[in-house]
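Novice: Quick one: structure below, then a few questions.
The values are calculated or read from the model by the stated rules, or taken from the named source; none is laboratory data. For clarity, every value in this text was computed on a predicted model and none was experimentally measured. Neighbour counts run over all protein chains shown; Cβ positions are idealised from the backbone, glycine included.
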Amino acid sequence: MQRAVFTHVRSHDWTQFKLINLRIWQCSSVYRALPVQFISRAYSVIPTPRDLTEKEMLDSMLRVDHAGEYGANRIYAGQMAVLGRSQTGPVIQEMWDQEKRHLAKFNDILSENRVRPTLFLPIWNVAGFLLGAGTALLGKKGAMACTVAVEESISEHYNSQIRSLMEEDPDRYVELLHVIKEFRDDELEHHDTGLEHDAESLPGYKILKSAIQLGCSAAIYISQRV
Ligand SMILES: [Fe+2]
Ligand SMILES: [Fe+2]
């Protein structure tokens, strides 16, 4: 299992190196002095920001969504490392495949719009994998309890973003709303899959769920800001 952790960590090194370079550029005074049209390239999902305030609002939203999908991928990778060959393997794999699609979409949106990802990506890489593998070591119910906790947090987070964007300007953010709503529905499906696979019958389910959701809230708070 230790070997699996390092293999997964290594495969993300190059991406992280490029993202760190992007972060250095975005911290520079040259970047800050450029008009917003120069530092943001329009992508079908995101409107060209009107000003720096809107750019920062959208950057923060996209950054935390990307971090969430990245973390979810690492959790399912950890679960598969432990339970991949069990009867539950195909169920986890199916959810992981959807998370891969979510992450690929946010990777595209981030790079097309020159949004830097959270600096905490290397932490979410290891923490996500350990959370997935650690709960999967409790067995199928443990893995599913983790899935219920995480997916509930992510879908609630998406719901609050949907509310904010709807209040702000639903027409302006119609494409982004479409993506977030679609992903929110997938996360709710994952949540229900966890419940259908006896998550709630894990001894200490409520305590574990609360602890994981506390961690998710902290990760969301950090990823929005750093
Ligand atoms: Fe997802
Ligand atoms: Fe999910």
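Novice: Does S153 count as within 21 Å of L58 (Cα to Cα) and either among the hydroxyl-bearing types (S, T, Y) or more than 15 Å from the chain's Cα centre (by Cα) (or both)?
Specialist: Numbers: within 21 Å of L58 (Cα to Cα): yes; either among the hydroxyl-bearing types (S, T, Y) or more than 15 Å from the chain's Cα centre (by Cα) (or both): yes.
Judged against the criteria, S153 is a match.
Novice: Follow-up question, since we're still on this one. Consider D186 carefully, then state whether it is among the charged types (D, E, K, R), part of a helix (DSSP H, G or I) and closer than 18 Å to Y70 by Cβ. Show your work before the answer.
Specialist: On the way: among the charged types (D, E, K, R): yes; part of a helix (DSSP H, G or I): yes; closer than 18 Å to Y70 by Cβ: yes.
Yes; evaluated as a whole, the condition is true for this residue.
Novice: Return only the number of the condition from (1) away from ligand 2 (no atom under 16 Å from the Cβ); (2) farther than 16 Å from A211 by Cα that H157 does not satisfy.
Specialist: Single failed check for H157: (1).
Novice: Kindly list the number of the only condition in (1) among the basic types (K, R); (2) modelled with pLDDT of 55 or more; (3) surrounded by fewer than 21 Cβ atoms within 10 Å (Cβ to Cβ) that fails for R63.
Specialist: Failed condition: (3).
Novice: Taking segment 141-167 on its own, how many of its residues are in contact with an Asp or Glu (Cβ under 7 Å, 6 or more places away or on another chain), more than 13 Å from ligand 1 (Cβ to nearest atom) and free of Cβ contacts under 8 Å to residues at least 40 places away in the same chain? If you could, list the steps in order and put the result at the bottom.
Specialist: Keep residues of segment 141-167 that are in contact with an Asp or Glu (Cβ under 7 Å, 6 or more places away or on another chain), which gives 141, 144, 151, 154-155, 158.
Retained after the next criterion (residues that are more than 13 Å from ligand 1 (Cβ to nearest atom)): 141, 144.
Those still in the list that are free of Cβ contacts under 8 Å to residues at least 40 places away in the same chain too: none.
Residues meeting the conditions: 0.
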